[in-house]
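Peer 1: Sharing a structure, written as structure tokens. Questions coming.
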Amino acid sequence: MKYLLIFYAVMSAVALIAYTVDKIKAKRRAWRVPEATLLGMGFLGGSVGALLGMFLIRHKTKHWYFWTVNFLGLAWQAAAAYFLYTK
């Protein structure tokens, strides 16, 4: 359980940094972080950081699929932590 939470924390930090970098690069019209990378980080363990990036930085908030993927990721990550905790 401890390792899973550490993994979630690291992935969330990386996702938040990626959202921040993408927002900065969007303003500068520079190379961007691919959407698939942002979505993958959110779904595969970093949903908290991805959602924080959406709320705090207001990045990718107009895309329904970012909301959907990040909330689905949050749901399965919470379920995985719950099932590991109860065993």
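The values are calculated or read from the model by the stated rules, or taken from the named source; none is laboratory data. Not measured: the values here are computed from a predicted model. Virtual Cβ from ideal backbone geometry, glycine too; neighbours counted across all protein chains shown. Note: areas computed on protein heavy atoms with side chains; ligands, DNA, RNA excluded. Shrake-Rupley method; radii C 1.70, N 1.55, O 1.52, S 1.80 Å.
Peer 1: Can you give the net charge of the other residues whose Cβ lies under 14 Å from the Cβ of THR68, counting K and R as +1 and D and E as -1?
Peer 2: After counting each charged neighbour, the total is +1.
Peer 1: Here's a follow-up. Quick one: net charge around LEU38, please, counting Lys, Arg +1 and Asp, Glu -1 for every other residue with C-beta under 11 Å from its C-beta.
Peer 2: +1
Peer 1: Shifting gears a bit: With springs connecting C-alpha atoms under 10 Å apart, model the chain as a Gaussian network and identify which of LEU72, LEU16, LEU51 has the largest mean-square fluctuation.
Peer 2: LEU72
Peer 1: Rounded to the nearest 10 Å², what accessible area does VAL10 show when all protein chains are kept and the probe is 1.4 Å?
Peer 2: Per-residue accessible area (VAL10): approximately 80 Å².
Peer 1: With charges set only on the Cβ (+1 for Lys and Arg, -1 for Asp and Glu), what does the dipole of segment 1-81 come to about its Cα centre, in debye to the nearest 20?
Peer 2: Using Cβ point charges on Lys, Arg, Asp and Glu, segment 1-81 gives about 440 debye.
Peer 1: Keeping to pairs on different chains or 8 or more places apart, tell me how many lysine pairs in the chain have Cα atoms under 17 Å apart.
Peer 2: Total qualifying Lys-Lys pairs in the chain comes to 6.
Peer 1: What is the sum of charges, Lys and Arg at +1 and Asp and Glu at -1, for the other residues whose Cβ falls under 13 Å from the Cβ of ARG58?
Peer 2: +3
Peer 1: Work out from phi, with θ = phi - 60° and the Karplus expression 6.51 cos²θ - 1.76 cosθ + 1.60, the ³J(HN,Hα) of each residue of segment 35-49, listed in order in whole Hz, and give x for Gly and Pro.
Peer 2: So the Karplus estimates, Gly and Pro as x, are 4, 4, 5, 4, 5, x, 4, x, 6, 9, x, x, 5, 5, x Hz.
Peer 1: Which residue fluctuates most in the GNM of the chain (Cα springs below 10 Å): LEU39, LEU74, LEU56?
Peer 2: LEU56
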